[in-house]
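> Handing you a structure now.
The values are calculated or read from the model by the stated rules, or taken from the named source; none is laboratory data. What you are looking at is a predicted structure, and each value in this text was computed from that prediction instead of being measured. Every residue, glycine as well, gets a Cβ built from its backbone with ideal geometry; the counts of neighbours run over all protein chains shown.
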Amino acid sequence: MTPTAVYPRSNFVRRGYRVFILLPLRLCAFVTTLGLLWVESVAHILLCFLLNVRLGPRATQHAAEEAGTNSRVAFVNDWLKLRLNAEYPTWFMKFHDTHLRVAHFAAKVALFCLGYSKLDVQGERDPQADVLVCNHRGIIDALVLSFALNQVPIFVGGASIVELPFLRELGISLDLYFVDESMRKFAVYELRDLLSPKSSTRRRPLVVFPEGSADYGTSLRTWIHPGCFQIVSAERMQGVALTFQGLGEFSPTWPLSSRLHTLFGILFFLAQIPSNRSRVEFIKPKVAENATREEMMEDFRRAIASALDVPVANERGGYDMPHRER
C-alpha cells in the first residue's frame, strides 16, 4: 500500500481528454463548491461577532488566556464552546447545523472532483467512541473522514491554521479546536468539557492526529501528543487507519508548513486522474486496564500500523514490523 506517483502511460487522446476536458470541469466544480462554502463561512463568522456583542462578558472571558495561549486561539475556541453549549440563539444554532450539513455535502463534491469516486470503509464505527485517533496524511483527511462518518466531526488542529487564509475561515466556522504549544495540558481539560456539552442537537466525535504533522504514509513515526489519550478512557476511543490506494495511486500529503502553491500542485495532479480511491478502517486496539497514556498511544499506533501494513519507528532510529513478527 506504499503510495507512489506512478500510473500507466496513456495515449495522446486519453491524455488530452484528461488535461483539456476532465481537469477544467473538475477544477471549476471544486473551486465553485469550496468558494461558496467559504462565503457562507465568512457570513457565519460575522454573525458570531455580532452575537458575541449581545452575549457580553460570556463571549469575552477567555479561560484559555490564563494558560498563556494565543489570544486569537482563545477567542475562536470560546466560540466553539458557546456553540456546543447552545448559548447562541436558537435560530443561529439551526443555521449552524445547516452550515455543517452544507460542509458535509461540499466534502463529498470536493472528493468527487479530485477523483475519489470510491471510498472503501472497513470495520464498524463504534457509536460509543467519542474520540477517534487517526494517522495523518494531509489536508484531504478532513474530507475523507467527514464522508466516512457521514457528518463533519470536531477536528483538533494546530494554531498555525489561524494564520492561513481560506482554511482559517473554514476551520473556525466548522468547529475546529485550535491547540498551540502552550496549552497542551489545558487543552485536555477543555476537550473533556466539549465532549459533554450542556445541550447538543447532534453528537459529533472528536478527531485527533497524535502524529502532529502530515506524513506520506510509508511508515508511522513516533507520535508526539500523548495528551490525546488523556481526554477520555480507552473504552471511549477508537482508532482509524486512513490510506489512499487504487488507480492513480498518489500521496496527497500537504503539511501546513508548505506553501499554498504546493497544495494547488497536488489538487492539479489529482484532478487529472480518472479514478482515485481511499480506504478508511475502524479498529479497536486492545489496551491494558491500567495502561499509561504512553502505553495507550503505542497500542493505537501499532494497531493502525498493522491495519495499514506499514512499519513503525522504534527508539533506535529504525523501523519495525511487529504485526508481521507474530
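> Please verify whether the range 190-202 includes one or more residues that are under 13 Å from the mean Cα position of the chain (by Cα) and closer than 29 Å to residue 36 by Cα.
No, that holds for no residue.
> Please pick out the residue among 184, 168 that is among the basic types (Lys, Arg) and over 22 Å from residue 39 (Cα atoms).
184
> Would you be able to say whether some residue in the range 73-91 is modelled with pLDDT of 85 or more, in a helix (DSSP H, G or I) and farther than 24 Å from residue 160 by Cβ?
yes
> Kindly state which strands (runs of 3 or more DSSP E) lie completely within the range 128-198 and contain at least 3 residues that are surrounded by fewer than 23 Cβ atoms within 10 Å (Cβ to Cβ) and either among the β-branched types (Val, Ile, Thr) or modelled with pLDDT under 90 (or both).
Output list reads 154-158.
> Only one residue in 290, 314 is modelled with pLDDT of 85 or more and either over 21 Å from the mean Cα position of the chain (by Cα) or of a type in the set (A, V, I, L, M, F, W, C) (or both). Which one?
On inspection, the qualifying residue turns out to be 290.
> Residue by residue through the range 280-314, note down the ones that are without any contact (Cβ under 8 Å) to a residue 24 or more places away in the chain and either surrounded by fewer than 11 Cβ atoms within 10 Å (Cβ to Cβ) or at positive phi (or both).
Of everything in the range 280-314, those that are without any contact (Cβ under 8 Å) to a residue 24 or more places away in the chain and either surrounded by fewer than 11 Cβ atoms within 10 Å (Cβ to Cβ) or at positive phi (or both) turn out to be 286, 288, 289, 290.
> Any idea which residue in the range 234-274 is nearest to the chain's Cα centre (by Cα), counting only those that are modelled with pLDDT of 90 or more and surrounded by fewer than 16 Cβ atoms within 10 Å (Cβ to Cβ)?
The extreme case among them is 236.
> Sticking with this one: Which one of 291, 307 is among the small types (Gly, Ala, Ser) and assigned to a loop (DSSP other than H, G, I, E, B)?
291
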